[in-house]
Amino acid sequence: MSDATPNLKDLSEILVICTGNVCRSPMAAAALRAKLFERGIDGIRVSSAGTHGGAIPHATHEAILAAEDHGLDLTGHRSRLLTEELADEADLIIAMDHTHVAAVASRWPQYADKCVLLTSFRTDTPKGADVIDPYGAPIDLYRQVFALIDTSLDAFLDRLPS
């Protein structure tokens, strides 16, 4: 991603990506939608996909539970594969880890400049860290991952000019 911070007024489509689109990106997309609503920001569509999405059709049970802890409902989530069309439609692509940023740059170099690591907006020690994949882990790890996603989204929204 370029060094320029995107302006909220320039964003109409944000795509959140992870690997399987069953844990991190669905939780992050739901949390981002809620945060935009809470801040009175409308006109930005938030969706998610996975670099290997679609193999498992729904969000994991643990992701659903971790999201429910924050009043978010993932029961209707359907996993989908990151495609060139989705990358093209997005004004901003938020990735959960460095492998996702690399996947976008490798598959579609023309979209590399609009792909950013979620934690890159932080000013504290997790800045630039990967959001680890909790797939197959106990619910406690999902809750920890959700907390990192949640605070990273706050940092993202706080840094965007309105």
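Which count do you get for residues in the stretch 58-75 that are outside any helix (DSSP H, G or I) and not charged (D, E, K, R)?
Going through the stretch 58-75, the residues outside any helix (DSSP H, G or I) turn out to be 58-60, 69-75.
Still in the list and also not charged (D, E, K, R): 58-60, 70-72, 74-75.
Looking only at that region, the number is 8.
For the stretch 68-101, enumerate the residues that are in contact with a strand residue (DSSP E or B) (Cβ under 9 Å, 6 or more places away or on another chain), farther than 26 Å from Arg143 by Cα and not hydroxyl-bearing (Ser, Thr, Tyr).
Leu86, Ala87, Glu89, Ala90, Asp91
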task: Take Leu72 and decide whether it is farther than 20 Å from Val131 by Cα, touching a residue at least 12 places away in the same chain (Cβ under 8 Å) and surrounded by 14 or more Cβ atoms within 10 Å (Cβ to Cβ).
output: no
- request: Quick one: count up the residues across the stretch 118-137 that are surrounded by 14 or more Cβ atoms within 10 Å (Cβ to Cβ) and free of Cβ contacts under 8 Å to residues at least 24 places away in the same chain.
  value: 1
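Just a yes or no: is a residue in the stretch 24-35 among the charged types (D, E, K, R), in a loop (DSSP other than H, G, I, E, B) and either modelled with pLDDT under 95 or buried (at least 22 other Cβ atoms within 10 Å of the Cβ) (or both)? Give the steps one after another, and end with the answer.
First, the residues of the stretch 24-35 that are among the charged types (D, E, K, R): 24, 33, 35.
If we keep only those that are in a loop (DSSP other than H, G, I, E, B) as well, we get none.
Within the stretch 24-35 (the criterion being among the charged types (D, E, K, R), in a loop (DSSP other than H, G, I, E, B) and either modelled with pLDDT under 95 or buried (at least 22 other Cβ atoms within 10 Å of the Cβ) (or both)), the answer is no, since none of the residues qualifies.
From the residues in the stretch 57-67 that are within 11 Å of Tyr142 (Cβ to Cβ) and without any contact (Cβ under 8 Å) to a residue 24 or more places away in the chain, which one is surrounded by the most Cβ atoms within 10 Å (Cβ to Cβ)? Don't jump to the end; show me each part of the working.
So the first thing to find is which residues in the stretch 57-67 are within 11 Å of Tyr142 (Cβ to Cβ), and the list is 59-67.
Among the residues that remain, those that are also without any contact (Cβ under 8 Å) to a residue 24 or more places away in the chain are: 61, 64.
Working: His61: 11, Ile64: 19.
Out of the qualifying residues, it is Ile64.
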message: I'd like the residue in the stretch 138-162 that is under 27 Å from Ser12 (Cβ atoms), acidic (Asp, Glu) and at pLDDT 95 or above and, out of all such residues, is surrounded by the most Cβ atoms within 10 Å (Cβ to Cβ).
response: Asp150
message: Every residue in the stretch 142-160 that is closer than 15 Å to His70 by Cα and among the aliphatic types (A, V, I, L, M), please.
response: Val145, Ala147, Leu148, Ile149, Leu153
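The values are calculated or read from the model by the stated rules, or taken from the named source; none is laboratory data. Predicted, not measured: the structure shown is a model, and the values here were computed from it. Don't worry about glycine lacking a Cβ; one is built from the backbone with ideal geometry, like all the others, and counts go over all protein chains shown.
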